[in-house]
1. Working only within region 148-164, note down all residues that are surrounded by 15 or more Cβ atoms within 10 Å (Cβ to Cβ) and assigned to a loop (DSSP other than H, G, I, E, B).
2. Please specify each residue of region 85-121 satisfying the condition of being surrounded by fewer than 19 Cβ atoms within 10 Å (Cβ to Cβ), within 11 Å of the ligand (Cβ to nearest atom) and either hydroxyl-bearing (Ser, Thr, Tyr) or outside the structural domain of PRO173 (by TED's automatic domain parsing) (or both).
3. For region 25-56, which positions are of a type in the set (A, V, I, L, M, F, W, C), touching a strand residue (DSSP E or B) at 6+ places or on another chain (Cβ under 6 Å) and without any contact (Cβ under 8 Å) to a residue 24 or more places away in the chain?
4. Cβ contacts < 7 Å: first residue under 28 Å from ALA7 (Cβ atoms) and in contact (Cβ under 8 Å) with a residue 12 or more places away in the chain, restricted to region 162-187; second residue of a type in the set (A, V, I, L, M) and part of a helix (DSSP H, G or I), any location; separation 6+ or different chain. Result?
5. What is the number of the single condition among (1) loosely packed, with under 15 Cβ neighbours inside 10 Å; (2) away from the ligand (no atom under 12 Å from the Cβ) that PRO173 does not meet?
6. Could you pull out every one of the helices (runs of 4 or more DSSP H) wholly within region 1-84 that has 1 or more residues that are among the hydrophobic types (A, V, I, L, M, F, W, C), within 13 Å of the ligand (Cβ to nearest atom) and surrounded by 12 or more Cβ atoms within 10 Å (Cβ to Cβ)?
Amino acid sequence: MTHRAVAILISGTGSNMLRLVESMQGADHPARPVLVLSNRPEAKGLKHAAALGVPTAVVDHRGRPKPEFEAEMDAALRDAGAEILCLAGFMRVLSADFIARWEGRILNIHPSLLPLFKGLDTHARAIASGMAVHGATVHEVIADLDAGPILGQAVVPILPDDTPDTLAARLLPAEHRLYPEALRRFAAGNRARFALL
Ligand code: GRF
């Protein structure tokens, strides 16, 4: 069985990254983690990835022109032999040029039921909308922010006394089920949408 080589891009805790790495340990999984890359040297996820034996890299974006930052990131990803990129709490907006170089091979998880609530503060906006449900979406990345083809979505209830923090805490375990399933399917060539209810 050939395994697709996956690089995971993080900026912080990396809880989704950890679930992705753990999910790829299975013998029948169609992919393998080859790199965890962060744009922030202090990202906690780097230590967790190294503890699981996954190579790590830091490409700091601060104080640098974006093309220079992205060129160094692109080189690190290609040197690692990455075929698929998973954005997991990666808080830099990628340029159209970078996305074009990896077209059809970049996934992202967004904490809302896209196309609703693109951008930031999704939990507060979902609560303010008066909706009864919220969720997360794994989608392919295109140049338009949070707008690529949807691969999978997970749904959770919004409770009357929810705050953005309590809603985020209810959603994260659903994200941790959604992203590994979406990656498994994508790496096996299956782009059919699915839902975790
Ligand atoms: C998650 O809600 C994810 O959807 C968003 O950032 C949050 C933290 O993710 N992109 P992680 O724990 O760093 O994976």
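The values are calculated or read from the model by the stated rules, or taken from the named source; none is laboratory data. These numbers come from a predicted model, not from an experiment. With ideal geometry, Cβ positions are generated from the backbone for all residues, glycine too; neighbour counts draw on all protein chains shown.
1. GLY148, ILE158, ASP162
2. MET91
3. ALA50
4. TYR179/LEU20; PRO180/LEU20; LEU183/LEU20
5. (2) is the only condition that PRO173 fails.
6. 15-23, 44-51
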